[in-house]
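A.B. asks: Dropping a structure here in structure tokens format, bear with me for questions.
The values are calculated or read from the model by the stated rules, or taken from the named source; none is laboratory data. Computed from a prediction, not measured in an experiment: that's the story for all the values here. Cβ sites come from the backbone with ideal geometry, for glycine too, and all protein chains shown count toward neighbours.
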Amino acid sequence: MGARSANRMGRLIHQVAMVFVAVLFAFPLYWVVVTAFNSHGGVFSIPPNFLPAFHTGAFTYVLIHTHWLRYMLNTVFIAAATVLLVILTSAMAGYALAELKFKGSGFLFLMIIGVMMLPTQALLVPQYAIAIHLHLLNTYAIEILPFGASTFGVFLFRQYFKGLPREYWEAARLDGVGHFTYIRRVALPLAKPAVATTALLTFIASWNQFQWPLIMTQSHSIQPIEVALSHYMQTFEANWRKLTSAVVIALAPIVILFMFLQRYIVAGVAGRDSGVNK
């Protein structure tokens with residue numbers, strides 16, 4: 001009985017600790033929402049109001065009297081195009097490393113994994129020089145093409161394709177199916193967790209891009225939402241309601257997407273087994 005009581009107490013303490021950490025991390029986001037929906041006077045009231053008052057005037061101003069919708073459309077377009085490119089390149093590269101036997105494939109895979117260890121800031125200067133010579137500065141292409149391949153996506157697809165039975169490819173080959181058709185009709189449908197995980201993580205990363213578009217673009221008409229937020233921090237510096245309303249609008253799509261699809265991240269990262277297929 002003593003051991004059982006100790007186990008129950010341990011589980012209770014563990015659950016309380018998890019709830020505390022969850023509240024600690026969620027409170028800043030909650031406070032942003034409260035501030036966005038608050039009245040002008042309520043933002044500075046003491047003691048503060050911890051419940052949203054649901055005043056939507058700041059949201060209306062941001063959506064109607066600013067170019068916020070333009071920034072949103074830019075971000076959706078850039079993120080969607082990046083996701084499509086990453087799925088395409090990751091699936092083909094992962095399939096080649098998993099199924100095609102060629103000299104140096106193991107070394108090439110290690111080189112791809114090694115790229116994950118490089119800090120992006122160390123590559124900014126040569127990448128900027130390349131963008132200048134290719135005349136890509138201040139275009140949508142510079143915000144999409146450099147992120148059209150993902151080392152994590154290649155690794156994840158390779159692991160999934162390694163786990164597919166070889167008999168599938170042999171049966172497809174007897175039917176006269178080539179590699180590209182096999183990837184599209186057989187391999188990708190069987191690797192849905194990898195597709196969903198790569199797409200979701202790529203979309204989140206693209207949506208949150210700030211440093212790259214800030215350096216590579218100058219025109220507001222093609223800049224994404226994170227860069228717009230930095231402009232709005234200067235414009236609405238003294239108006240916390242409008243600033244937090246812009247933040248909520250920027251966060252809402254990605255938070256909703258993550259809430260509905262987070263289980264795919266667990267399934268995709270966990271994979272078919274706990275080891276790394278070699």
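A.B. asks: Please enumerate the residues belonging to the stretch 68-116 that are part of a loop (DSSP other than H, G, I, E, B) and within 22 Å of THR181 (Cβ to Cβ).
C.D. replies: If the condition is that a residue be part of a loop (DSSP other than H, G, I, E, B) and within 22 Å of THR181 (Cβ to Cβ), then LEU100, LYS101, PHE102 are the ones that fit.
A.B. asks: If you check every pair at least six apart or on different chains, which have Cβ atoms under 7 Å apart with a residue in the stretch 162-177 that is closer than 21 Å to ALA194 by Cβ first and a residue that is assigned to a loop (DSSP other than H, G, I, E, B) second?
C.D. replies: Matching pairs, first to second residue: LYS162/ASN277; GLY163/ARG272; GLY163/ASN277.
A.B. asks: Which numbered condition trips up GLY94, out of (1) more than 30 Å from ARG184 (Cα to Cα); (2) in contact (Cβ under 8 Å) with a residue 60 or more places away in the chain?
C.D. replies: Here GLY94 meets the rest and fails (1).
A.B. asks: Let me ask another. Restricting the search to the stretch 175-221, which residues are charged (D, E, K, R) and assigned to a helix (DSSP H, G or I)?
C.D. replies: The answer is ARG184, ARG185, LYS192.
A.B. asks: Across the stretch 236-278, which residue is modelled with the lowest pLDDT among those that are closer than 30 Å to GLY106 by Cβ and β-branched (Val, Ile, Thr)?
C.D. replies: Only one residue tops the list, namely VAL276.
A.B. asks: Something else: Select from the stretch 118-133 the residues that are assigned to a helix (DSSP H, G or I), over 18 Å from PHE210 (Cα atoms) and aliphatic (A, V, I, L, M) and list them in ascending order.
C.D. replies: Scanning the stretch 118-133 gives ALA129, ILE130, ILE132.
A.B. asks: Let me ask another. Which one is surrounded by the fewest Cβ atoms within 10 Å (Cβ to Cβ) among residues in the stretch 26-48 that are part of a helix (DSSP H, G or I) and hydroxyl-bearing (Ser, Thr, Tyr)?
C.D. replies: Checked the stretch 26-48; the qualifying residue surrounded by the fewest Cβ atoms within 10 Å (Cβ to Cβ) is TYR30.
A.B. asks: Might you check whether a residue that is in the same structural domain as TYR182 (by TED's automatic domain parsing), hydroxyl-bearing (Ser, Thr, Tyr), surrounded by fewer than 16 Cβ atoms within 10 Å (Cβ to Cβ) and out of contact with any Asp or Glu (no Cβ under 7 Å at 6 or more places or on another chain) occurs anywhere in the stretch 83-94?
C.D. replies: No, the stretch 83-94 has no match at all.
A.B. asks: Restricting to the stretch 222-240, count the residues that are surrounded by fewer than 21 Cβ atoms within 10 Å (Cβ to Cβ) and assigned to a loop (DSSP other than H, G, I, E, B).
C.D. replies: Counting residues in the stretch 222-240 that are surrounded by fewer than 21 Cβ atoms within 10 Å (Cβ to Cβ) and assigned to a loop (DSSP other than H, G, I, E, B) gives 4.
A.B. asks: Show the residue pairs meeting these rules: Cβ distance below 7 Å; 6+ apart or different chains; first residue within the stretch 14-35 and of a type in the set (Ser, Thr, Tyr); second residue surrounded by 10 or more Cβ atoms within 10 Å (Cβ to Cβ).
C.D. replies: Every condition considered, the pairs that remain are THR35/VAL43; THR35/TRP240; THR35/ARG241; THR35/THR244.
A.B. asks: If the requirement is being in contact with a Lys or Arg (Cβ under 7 Å, 6 or more places away or on another chain) and either of a type outside the set (S, T, N, Q) or within 23 Å of ILE222 (Cβ to Cβ) (or both), which of these qualifies: LEU136, LEU88, LEU145, LEU97?
C.D. replies: LEU97
A.B. asks: Just to be sure before I move on: is LYS101 of a type in the set (Lys, Arg), over 30 Å from THR75 (Cα atoms) and at pLDDT 85 or above in the structure I sent?
C.D. replies: Criteria not met by LYS101.
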